[in-house]
Amino acid sequence: MSLAPQVAPNPASQETESALGPVRGYTASRSATASKADTPILETPQSISVVTQDQIAAQGAQSVQEALQYTPGVSLQSYGANAFFDGFKIRGFNAVSYLDGLRLPADSTTFAIPKIETYGLERLEVLRGPSSGLYGQTEPGGLINMVSKRPTATPHYDVEGVFGSFNRIQGAFDIGGPIDKNGEYLYRIVGLGRQSDTQTDFMQDNKLFIAPSFTWRPTNDTSFTILSQYQKIDNKGYQQYVPGNVSFLPNPNGRVPYSRYIGEPNLDGYKLEQASIGYAFEHRFDNNLQFRQNVRYMEVTNDLQSVRSEGMFSTTFPPTPASTSNSLVARTYNYVKAESQNLAIDNQLQADFRTGPLTHKVLVGLDYLDQTGHVDYRSAGILPINAFNPVYGAPVPSFDSLSSFILNDSNINQVGLYVQDQIKLDRWTLSLTGRQDFVNTRLVSKSPAWYPLPGTYQRSDSAQTGRVGLNYLFDSGLSPYANYSTSFVPNTGAGVDQKPFKPTTGEGKEVGIKYMPVGTNLMFTAALFEITQNDVVVADPSIPLPFTGLIMTQTDQARVRGFEFEAKGNVARELEIAAGYTHMDPKVTKSVAGYAGNNLQAVPEDQASLWAKYTWYDGPLAGLGLGAAVRYVGESYGDAFNTFVIPAYTLVDASVSYDLAYARADLKGWKAQVNVTNLTDRYYVASCLTGLAYCGLGTGRTVLGTLKYSWK
C-alpha cells in the first residue's frame, strides 16, 4: 500500500509557506517575529526558534511550558506541576509573552496572567536577545511570540480524544475552511475541554477553551481576520510550593512524594477566566506598498484561595538549626481577587523598493499599549502541617476578616514609533531598526499594611532603542550573522524607600551561524552572545518571610554570556529531530542588595535536549512511529545569595504512534499515539522561586494516549 508520507516537504517546495501559516514537520523557513514582516529565517540576523504545531503534537505537549522544554536558551520556572500561569526565562532573563505579535497582560503581582492553550496555536516562536527596537518594553533575554491558528482556504476537520494518567479525559476539535465557493469568507473554530486530576493529591487540571476566527477576503489584496478566544479554568487545589528541606536537601525523614499536598483540600481552589477579541487587517495597495493593523483587547480575572508553604516551621525568629523542624511546614492562607485588562494596537506600513543596486524593505510602525490591573491580596498565618504525615482541617480566617497587604491599581500606557529598513545587496542583508517610546506608569496603593505605603506612584519616561544586524547568505544555505540591540522596560511600583522604580535597560551582542543545506528540511543554528541589563528589579533581601519575594528593590546590573546550538528537521525522510544545547555564565555584576558576583537565581549554566522520531513509510512496519528523547538541566542556584544549589536532573521521554490507514484503507484519517514523559519517573525539583520555601517539584511519569480523526 502506498500512502503519502507524513513528513515535511523539501524546502524547494515550500515557497507557499507564510510566516503565520501552518508548517509541515518541525522546520519553519519563514518568520515574522524578528522583523514584523514575512522574512526568511536564514536572512534574519537574530537567533530565533520556531516550535511548530506538528512538533507540539508529536511530543504530546499539553502546555506552553511543555512545548518549549526542547528549545535552547529557555529556562522554565516551575510553580509546581499544575501552575495556573507559565513562567519563562530566556538567556537568563524573565521573558514576556506575545500572542499574534501583541503583548499579553504580564504583571505577576496581580496574578491575573493569561494561560495560552497550545492546541489553539499554529506555532510558538522564541526570539532571543533584546528586541525593544520593534516591540517596545521587552526584557533583554528575548520574547515568546505565539501565533494563533487562523482560517485556511483548504477545508479541514480534526477531532481528538486524550486519555491517561491522573484520570485525564480530554476532547478537542479543529474545524474550518471556506464558507462560500469563491473562498471570500473563511472560518475556523478550535475548542478543547478537559477534566483531570494531577500528580498531586486533591488538585485538578480542568479547562474549557474555545477560539472562533473568521476571515473576509473581498479581493486578493485585502483581508480582514477576526481572532477571538475564551478560556475558563475552575479547579480544586492550588499550585504547590514544597520546601527544599523536604524535597532535595538531606532530611532524616526522607523526601515527600510527588503526590503530597500541604494545603487544605476542602478549601483550596482557583478560577482563571480570560477572554479576548481582536482583528488582523491587511491591504496591499500595489506591489510596493502594503498596510497592516493588528488589534486585540483581553481581560483576565483570577479568584483564588489557598494554603501555601512558607518554609520549615521554627520556634524562633530568625530560625536556627535547633529551632527548625525537620517535618513541620509553616503555612499561610492566601486570598487573591485580581483582574487585568490589555488593549494593544500595532499599525504597520511596509514599502518595498530599490535604490540603485540596493533592495529595501522599509517598515514604519506606530503601536499603542494600555494595560490596567487590580489586585486585592490578603494573607494570614495558620497552623503548620507535618509534610510526612499530613493532617488536614486547620481553621482558616475568612476573606472579610483580613486586611489587604497588597491592594492596588496599576496602569501602563505606552506609545511607540518604530522604523526598520532591511537592505539587501546581492547576498548581504543589513537590518536597521530604531524606535522611540513614550511611557506613563501609575500605581495607586491603598493598603496601609505593607509596602508601598498608601499613595500614588507614577513616572513618565521615554527611550530610544534599536537593532543593527548583518548577515550573508551563501549558495550552500550557510548564513553567518551579527547584531547589536538594546532594550527598555518601564516598571510600576516602588521599593521600601517609596521611590518609583526607574526603567530597566539592556543591551546585547550576538554572532552566529544558520545553515540549511540546499535540498533538505534540516536547519542548524549556533550563536555566541553577551547581554547586559541595568537597574534590575529584584526581591528585596531585607524582607522576611512570609513576604519574601513580594517587596522589590532595584539593583544595578546583571550580565549573561553564553553559547547556543540547535538542530531541527529531517535527517532523513523517516527521521526527524529537535536538538539543542545551551551554556550560560549568568552573573550579577553590580548590586546594591549585595548580590554582586553571584549567579542569577534559577538559571542553569548548562541545558541539553534531544528529541528524535523515526517513522516507517514502507515495509511491514509502515505507519509506525517511535520517538525517544532526553532532557538535561544542569545545576542552578535557588536564591539570589547563592546559598543553595538546585540539583541537576536528566529526564527521558518516549512516544509511539500509528497511522491506521496503513493497516486498512477504510481507516484513513485515524491516528493513534501514546506519549510518556519522565519515563523513569525521576524525582526532581524543577526550580525555586526566591528561596527554599518556594520550590516546585517536577512532573513525574505521565502517560497520555491520543486518538485523532481527520477528514476533508
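Tabulated data
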quantity	calculated
Residues that are under 30 Å from residue 268 (Cβ atoms) and in a strand (DSSP E or B), drawn from region 189-209	191, 192, 193, 194, 195, 197, 204, 207, 208, 209
Residues within region 157-188 that are of a type in the set (Lys, Arg) and not in a strand (DSSP E or B), tallied	1
Members of region 626-653 found to be in a strand (DSSP E or B), surrounded by fewer than 21 Cβ atoms within 10 Å (Cβ to Cβ) and over 23 Å from the mean Cα position of the chain (by Cα), listed by number	626, 628, 645
Of all residues in region 281-325 being under 36 Å from the mean Cα position of the chain (by Cα) and among the aliphatic types (A, V, I, L, M), the one that is farthest from residue 392 (Cα to Cα)	289
Verdict on residue 309 being in a strand (DSSP E or B), over 29 Å from residue 118 (Cα atoms) and in contact with a Phe, Trp or Tyr (Cβ under 7 Å, 6 or more places away or on another chain)	yes
Residues being in a loop (DSSP other than H, G, I, E, B) and either modelled with pLDDT of 95 or more or surrounded by fewer than 22 Cβ atoms within 10 Å (Cβ to Cβ) (or both) - total across region 522-553	13
Residue in region 335-343 that is in a strand (DSSP E or B) and either under 30 Å from residue 256 (Cα atoms) or over 31 Å from the mean Cα position of the chain (by Cα) (or both) present	yes
Conditions (1) closer than 19 Å to residue 49 by Cβ; (2) without any contact (Cβ under 8 Å) to a residue 60 or more places away in the chain: number failed by residue 125	(2)
Residue match in region 459-470 (condition: free of Cβ contacts under 8 Å to residues at least 60 places away in the same chain and more than 28 Å from residue 363 (Cβ to Cβ))	yes
Neighbours by Cβ (under 6 Å, 6+ apart or cross-chain): first from region 597-613, in contact (Cβ under 8 Å) with a residue 24 or more places away in the chain and aromatic (Phe, Trp, Tyr); second assigned to a strand (DSSP E or B) and surrounded by 18 or more Cβ atoms within 10 Å (Cβ to Cβ)	611/578; 611/629
Identity of the residue in region 234-289, of a type in the set (A, V, I, L, M, F, W, C) and assigned to a strand (DSSP E or B), that ends up farthest from residue 36 (Cα to Cα)	242
Residue ID - surrounded by the fewest Cβ atoms within 10 Å (Cβ to Cβ), chosen from residues in region 554-569 that are closer than 30 Å to residue 518 by Cα and in contact (Cβ under 8 Å) with a residue 40 or more places away in the chain	565
Residues being polar (S, T, N, Q), under 26 Å from the mean Cα position of the chain (by Cα) and farther than 16 Å from residue 370 by Cβ - total across region 421-446	1
Residue among 697, 610, 624, 704 that is of a type in the set (A, V, I, L, M), at pLDDT 95 or above, within 29 Å of residue 582 (Cβ to Cβ) and in contact with a Ser or Thr (Cβ under 8 Å, 6 or more places away or on another chain)	704
Enumeration of residues in region 424-456 that are assigned to a strand (DSSP E or B) and among the acidic types (Asp, Glu)	437
The lone exception for residue 385 - which of (1) aliphatic (A, V, I, L, M); (2) modelled with pLDDT under 95; (3) assigned to a strand (DSSP E or B) it fails	(2)
Long-range neighbours under 6 Å by Cβ, at least six apart or interchain, first residue among the acidic types (Asp, Glu) and in a strand (DSSP E or B) within region 355-368, second modelled with pLDDT of 95 or more and surrounded by 15 or more Cβ atoms within 10 Å (Cβ to Cβ)	367/346; 367/416
Condition check for residue 212: under 27 Å from the mean Cα position of the chain (by Cα), at pLDDT 95 or above and not in a strand (DSSP E or B)	no
Flag if residue 294 is buried (at least 21 other Cβ atoms within 10 Å of the Cβ), within 24 Å of residue 219 (Cβ to Cβ) and in contact (Cβ under 8 Å) with a residue 12 or more places away in the chain	yes
Entirely in region 1-101, the strands (runs of 3 or more DSSP E) that have 3 or more residues that are modelled with pLDDT of 85 or more and aliphatic (A, V, I, L, M)	48-52
Lone qualifier among 581, 595 - being surrounded by 16 or more Cβ atoms within 10 Å (Cβ to Cβ) and over 18 Å from residue 557 (Cβ atoms)	581
Positions within region 206-223 being surrounded by fewer than 19 Cβ atoms within 10 Å (Cβ to Cβ) and either touching a Ser or Thr at 6+ places or on another chain (Cβ under 6 Å) or under 18 Å from residue 189 (Cβ atoms) (or both), in sequence order	208, 210, 212, 216
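Here's the yes/no breakdown for (1) outside any strand (DSSP E or B); (2) touching a residue at least 40 places away in the same chain (Cβ under 8 Å); (3) of a type in the set (Val, Ile, Thr):
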position: 375; (1), (2), (3): no, yes, yes
position: 380; (1), (2), (3): no, yes, no
position: 391; (1), (2), (3): yes, no, yes
position: 395; (1), (2), (3): yes, no, no
position: 400; (1), (2), (3): yes, no, no
position: 413; (1), (2), (3): no, yes, no
position: 416; (1), (2), (3): no, yes, no
position: 421; (1), (2), (3): no, yes, no
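The values are calculated or read from the model by the stated rules, or taken from the named source; none is laboratory data. Because the structure is a prediction, the values reported are computed rather than measured. Counting neighbours? That spans all protein chains shown, and the Cβs are built from the backbone with ideal geometry, glycine included.
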